[in-house]
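What follows draws every value from the coordinates through simple rules; no lab data is involved. All values derive from a computational prediction rather than experimental measurement. Don't worry about glycine lacking a Cβ; one is built from the backbone with ideal geometry, like all the others, and counts go over all protein chains shown.
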Amino acid sequence: MRSVLFRETGSPPSVSSVISSPDPIPGPGEVRLRMRFAPINPADLNFIEGSYGRKPDLPATPGMEGVGIVDALGPDVSNINPGDVAIPLGPGGTWAETIVRPAADLLVLPPDIDLQQAAMLRVNPATAWGLLHSRGQPAKGSWIVQNAASSAAAHCVISLARHLGLHSLNLVRRPESADACLAAGADFVLTDDASAPATAAAIPGFSPPSLAINAVGGDSALRLLNLLAPGGTMATYGAMSRQPLKVPNGLLIFKDLHLNGFWLTRWLAQLPPTEVRSLYTNLANLVLNGTIHQPVAATYPLENLHDALVHASTSARGGKILLDLQSPG
Ligand SMILES: NC(=O)c1ccc[n+]([C@@H]2O[C@H](COP(=O)([O-])OP(=O)(O)OC[C@H]3O[C@@H](n4cnc5c(N)ncnc54)[C@H](OP(=O)(O)O)[C@@H]3O)[C@@H](O)[C@H]2O)c1
């Protein structure tokens, strides 16, 4: 079987390569998955660069998530059968044609789920859910605001916000990405520039949000802070501009704004395992009924790994880059 390996951290297309090794054999309580698709997320690129919150144990196989088909069971495995569609609930090492995981770490999905969407279930839908729930869900009918709204994670926020009866105001840096946000269920989309706060204030029915969701930093995050209601919270979960937050003292003193961070890994770790499984079962149903959909820009076979990593590192992609892990090598 082939898998992706990097022996040192650095630029992902430069340090990553495809290697061949024997198929792993599942031991007691373990299951082998023949992987179908795995996305290249910003976190995967950061992991290979060595700038992610969890450092690689080198040499390492990247891949925070993915979907596969069960093809072999070790001894003492019940409730999982060959042919089942399943995702690993733990992170790490999904960019491989076959992986072995403890049966307890897998979630079996409905057989008719779209495999590309299933490959992206673990990270962004759960992140969006956590952002909307981890500090108390905003009241039904209220507004939330977010930046980087063209991202896959933001599309999950948009559709879940609508599903939960919230209104979303969305800031995009490229006006041409507004239509996709509206199609996902956004109430309003604005270009992320200095005019956004004044334009937002004039939206009929708009009321300042108690929750702002920041994946950019810098000036964009400052615009979110200016849009928040007094006492509101900005949750930061990404730093796409790589610019630090700018927080005028007065916004803390006179508006009593709160700044939080959100990391899916940390949030999931403090939930009871049964709650994690029921969260993902719920999210899988929302994928199955089309409530949650993440756009896909392109799929690449493993032999075109270099091109896939370059494509995933470019801006204005309009969707995720997926590795197709069963295309003939
Ligand atoms: N904390 C967590 O647990 C967690 C979990 C999931 C995701 N995340 C983070 O969420 C963010 C989005 O992830 P994703 O998977 O949804 O990514 P994605 O689909 O690849 O989208 C990337 C987004 O970043 C925007 N962007 C790229 N460079 C930018 C820049 N220099 N300034 C402003 N915006 C920029 C893109 O805008 P264009 O479309 O205009 O190029 C796009 O909206 C990432 O930072 C990721 O690490 C964090």
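Which whole-Hz ³J(HN,Hα) couplings does region 289-299 yield from phi under the Karplus relation 6.51 cos²θ - 1.76 cosθ + 1.60, θ = phi - 60°, glycine and proline marked x?
8, x, 4, 9, 9, 9, x, 10, 8, 6, 10
Report the calculated FRET efficiency for Ser241 and Thr199 (r = Cβ-Cβ distance, R0 = 22 Å), to the nearest 0.05. Don't skip to the answer; put the middle values down first.
Working: r = 21 Å, r/R0 = 0.95.
Computed FRET efficiency for Ser241 and Thr199: 0.60.
Run through the DSSP bridge list for the chain and note the antiparallel percent, rounded to the nearest 5.
Working: 27 of 53 bridges.
So the antiparallel bridges in the chain amount to around 50 percent.
Along each of its three principal axes, how wide is the spread of alpha-carbon positions in region 128-265, in whole angstrom units, largest first?
38, 33, 30
What are the extents of the Cα atoms of the chain along their three principal axes, listed from largest to smallest and rounded to whole Å?
So the extents along the principal axes, rounded to whole Å, are 61, 40, 34.
Under a Cβ-Cβ cut-off of 15 Å, what is the net charge of the residues other than Thr9 that fall near it, where Lys and Arg count +1 and Asp and Glu count -1? Walk me through the intermediate numbers first.
Details: positive: Arg7, Arg54, Lys55; negative: Glu8, Asp44, Glu49, Asp57.
Within the 15 Å Cβ shell, the charges total -1.
Taking the chain as a Gaussian network, where each spring joins two C-alpha atoms under 10 Å apart, which residue of Ala148, Ala184, Ala72 fluctuates the most?
Checking each option, the largest mean-square fluctuation is seen for Ala72.
Would you kindly derive the ³J(HN,Hα) couplings of region 263-271 from the backbone phi angles with the Karplus curve 6.51 cos²θ - 1.76 cosθ + 1.60 (θ = phi - 60°), listing them in order in whole Hz, with x for Gly and Pro?
Listing the rounded values in order: 10, 3, 4, 6, 5, 5, 5, 9, 8 Hz.
Please list, in chain and number order, the residues 5+ apart from Ala72 or on another chain whose amide H is under 5 Å from its amide H, with Hs placed from the backbone.
For Ala72, the qualifying residues are Arg32.
Put a dot 7 Å past each Cα toward the Cβ at His306 and Asp23; how far apart are the dots in nm?
Distance between the two pseudo-spin positions: 3.0 nm.
Helix-derived [θ] at 222 nm for the chain: sum -39500 (n - 2.57) over DSSP H runs of at least 4, divide by residue count, nearest 500?
Helix-only estimate at 222 nm: -8000 deg cm²/dmol.
What residues have an amide H closer than 5 Å to that of Gly92, excluding those fewer than 5 places away on the same chain, when H is modeled at 1.01 Å from N in the peptide plane?
So Gly92 has HN proximity to Met64, Glu65.
Pick from Gly136, Gly319, Gly27: which residue has the top mean-square fluctuation in a GNM of the chain where Cα pairs under 10 Å get a spring?
Comparing Gly136, Gly319, Gly27 in the GNM, the peak value goes to Gly136.
Once region 226-312 is represented by equal point scatterers at the alpha-carbon sites, with solvent omitted, what log10 I(q)/I(0) does the Debye formula produce at q = 0.14, 0.20, 0.22 Å⁻¹?
-0.92, -1.07, -1.07
For a quick check, take a GNM of the chain with Cα springs below 10 Å and name the residue from Gln116, Gln294, Gln270 with the largest mean-square fluctuation.
Gln270
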